[in-house]
Amino acid sequence: MQRSSVFLVLMLATTPALAQSPPAGGFLQVPPKNPAPESRTTPASNPPAPAPRAAVQQVAPNAGGSSALGHSAPGRPPPVVQPQPNTHAQKPPAAPPKPAAKPGTTPAPAATAANAPASAAKPAEPPLAALDKSPAPTIGAVTQQPLPRWASFRSDEVNLRAGPGTRYPIDWVYRRAGLPVQIEREYDTWRLVTDYDGVKGWVHAATLQGRRGFAVKGKDRTLRKTASEDAAPVAILRPGVVGRLRACDAAASWCEVQTGDYKGFLKRDDLWGIFAGEAVK
């Protein structure tokens, strides 16, 4: 009986120590009553808002040129083609003054019809007044080609005279090969032409060629890659730019042209050098 009491007393003495010792690993643990402040988590009252979606920037392929759809690349405008300064007609240089006669010398008598040699006989004057007053012909008297018709200057220096002959004064000088003109009349080897400024006069037939040209009129025109308003721009052509008229169908409102290294299409109404409904092959 005494031994049982001693054993019971020993067991009661060791029980609080066992209760205060930490549990072995792998057992469930009771969370502490007062957790540390940094371990506390506050549940969010509202879910976080999603980040705004940024707009996707569209980038045209082949930056710096034209896209597969024919539109020009952004940020690179088409080049501007300026007309040459000598496109328009220019006044001829003034004739140098005649040297004064030396004192004590007798000037040579002026040639007259009586003393002029037969080889220097004055050629018959073309009926200029009759040509100006006669109705506009539809067929050339010399070439039998239709009038009016188009041509262009062959060389970089063409004299525009007041009449069909070298006796007539030079009113204007052209220094632009390829400039288109409209032939209105014919007389012998001379042609009455009009340029896109409305200047009219006579030039020698040898200074003209049948190659078709064009000149930009009115205002800046956009040369496009194809015959469409939505086509990629190739260049901006300023008024007075001259080039070659390559092709144009009779019913087409766009014509294929070239100026320098730039090829493309211009509207028929934007260029000088072709009639309405005319076909150029």
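Every number here is computed from the coordinates shown, using simple stated rules; none is lab data. All values reported here derive from a predicted model rather than from experimental measurement. Don't worry about glycine lacking a Cβ; one is built from the backbone with ideal geometry, like all the others, and counts go over all protein chains shown.
Here are the numbers for the structure shown:
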{"item": "Leading residue at positive end of dipole, the range 130-212 (Cβ point charges), from Asn159, Ala130, Val181", "result": "Val181"}
{"item": "Listed peptides 82-88, 131-137, 215-221 by packing density, highest first (mean Cβ within 10 Å)", "result": "215-221, 82-88, 131-137"}
{"item": "Per-residue HN-Hα couplings for the range 204-219 [Karplus 6.51, -1.76, 1.60; θ = phi - 60°; Hz; x = Gly/Pro]", "result": "6, 4, 5, 8, 10, 9, x, 5, 7, x, 9, 9, 6, 10, x, 7"}
{"item": "Label point at Leu128 placed 7 Å out along Cα→Cβ; residues across the range 181-218 whose backbone nitrogen lies under 11 Å", "result": "202"}
